[in-house]
Amino acid sequence: MSHRDYYLPKKEEGKIDSDTHADKPSNLKTSISTVLLLLSLIVVVGLAEALNPAIEAGVKGAGAPKTVVGIAIAMLVLLPEGYAAVRAARANRLQSSLNLALGSALASIGLTIPTVATIAIVFNLPLSLGISSLNMTLMYLSFFIGALTLAIGRTTLLQGVVHLIIFFEFLFLSLVP
């Protein structure tokens, strides 16, 4: 309830109208949005699969660690939401930026890990998520900082910078093990 005004429509004067709610989408609009969402997901995953051999060849040619392939594909999959998060941050809407970034990462992880686990179980394949103890430490650190960020109710520039530093540290340690 403390952030309810983020989701309410604004009047012409730029003030929040707590009595007005956005119109509910029609069933047709909801159905079209669902189909387009699934189609977009299929296209992005298909693009990532199609580019996988080229990315692997580029990483191997550059002599980079194989973990860079996973990072490149994850960045490709998260590119649309990442772009929207950067645009929101540039427009000084840090809370929206954080919501977009964390939401897309959570959705990707929340969909990917169960899907990979299901495929491994169905096809009797070994399951390895391939996360080192160092990366586990960074993950726990990012969870802790994320909890602090969300606990105060507002996102500040400093908190955003801390999240970026943890991310760049992860990238650096993936490239230079």
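Can you find a residue that is more than 18 Å from the chain's Cα centre (by Cα) and not β-branched (V, I, T) anywhere in the stretch 79-91?
Yes; the residues of the stretch 79-91 include at least one that is more than 18 Å from the chain's Cα centre (by Cα) and not β-branched (V, I, T).
Restricting to the stretch 96-116, count the residues that are surrounded by fewer than 16 Cβ atoms within 10 Å (Cβ to Cβ) and polar (S, T, N, Q).
The total comes to 3.
Does any residue of the stretch 131-138 turn out to be of a type outside the set (G, A, S) and farther than 20 Å from P65 by Cα?
no
Please enumerate the residues belonging to the stretch 144-163 that are under 18 Å from N92 (Cβ atoms), open to solvent by 90 Å² or more (accessible area, probe 1.4 Å) and in a helix (DSSP H, G or I).
Passing the criteria: L157, L158.
Quick check on the stretch 57-77. Is at least one of its residues open to solvent by 50 Å² or more (accessible area, probe 1.4 Å), at pLDDT below 75 and of a type in the set (S, T, N, Q)?
Within the stretch 57-77, not a single residue is open to solvent by 50 Å² or more (accessible area, probe 1.4 Å), at pLDDT below 75 and of a type in the set (S, T, N, Q).
So is A107 farther than 23 Å from P65 by Cα, under 15 Å from the mean Cα position of the chain (by Cα), among the aliphatic types (A, V, I, L, M) and modelled with pLDDT of 80 or more or not?
no
Condition first: part of a helix (DSSP H, G or I), in contact (Cβ under 8 Å) with a residue 40 or more places away in the chain and not small (G, A, S). Now tell me which residues in the stretch 164-177 satisfy that.
L171, L175
Looking only at residues in the stretch 123-143 that are outside any helix (DSSP H, G or I) and touching a residue at least 12 places away in the same chain (Cβ under 8 Å), which one is most open to solvent (accessible area, probe 1.4 Å)?
The selected residue is L129.
The values are calculated or read from the model by the stated rules, or taken from the named source; none is laboratory data. Given the structure is predicted, the values throughout are model-derived calculations rather than measurements. Note that we place each Cβ from the backbone using ideal geometry, even for glycine, and neighbour counts take in every protein chain shown. Accessible surface is based on the protein model in full, side chains and every heavy atom, while ligands, DNA and RNA are left aside. Shrake-Rupley method; radii C 1.70, N 1.55, O 1.52, S 1.80 Å.
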